[in-house]
1. Looking only at the range 115-124, which residues are at pLDDT below 55 and in a loop (DSSP other than H, G, I, E, B)?
2. Residues that are within 17 Å of residue 15 (Cβ to Cβ), in contact with a helix residue (DSSP H, G or I) (Cβ under 8 Å, 6 or more places away or on another chain), outside any strand (DSSP E or B) and at pLDDT 90 or above: does the range 82-96 have at least one?
C-alpha cells in the first residue's frame, strides 16, 4: 500500500491518468522499478478536464505541468492493485500501458503522473473562487483506474462503490 492508506481521492471520468503527489508517485514507481518503470519528466505536460460543483457546475480545462510521468517497457505486464476502503482494484497492464513513445523505442507511457499541486487548496482556475479546498492531500484516479472496475455513484448520499468486472 506504499503508505497511501490515508489519501483522499477524486474519481474523475474526465481524467485519463492516476495523478498523485510527488512523494506518493515516487513510491508508486519505485515499487514498479524492478519491472522497468522509471520517472520521465520529459513527458510531463497534461490537460485536465475537471468538474467543480458548487452553485454552478463548471467544466474547466487547464494545461498542467506534471512534475513527472512514468514510462514502462512496452512489454510491461506487472500486476498493480489499488485498495479503496479495503477493496482491491486490480489495474490491468493493458489499461496502465498507454502506448509507445515515438522517440524512445521499447518504452511506453505509463498511466500515472505526479503533480505537486495535489494538496489542499488546489485551484480549479486562476480565479480564487474556483477552489477545490479539500484541506488535505489527494489523488485523482482517472480512466486508468476506472476502466478496471464497475463504479456506482450515489451522489445523493455522497458515496461511491466498486464491483469487480466479470
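The values are calculated or read from the model by the stated rules, or taken from the named source; none is laboratory data. Just so it is clear, the model here is predicted, and its values are computed rather than measured. Please note: Cβ atoms are built from the backbone with ideal geometry, for glycine as well, and neighbour counts cover all protein chains shown.
1. 120, 121, 124
2. yes
Here's the yes/no breakdown for (1) under 16 Å from the mean Cα position of the chain (by Cα); (2) on the phi > 0 side of the Ramachandran plot; (3) modelled with pLDDT of 80 or more:
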position: 6; (1), (2), (3): yes, no, no
position: 9; (1), (2), (3): yes, no, yes
position: 33; (1), (2), (3): no, no, yes
position: 36; (1), (2), (3): no, yes, yes
position: 60; (1), (2), (3): no, no, no
position: 66; (1), (2), (3): yes, no, no
position: 77; (1), (2), (3): no, no, yes
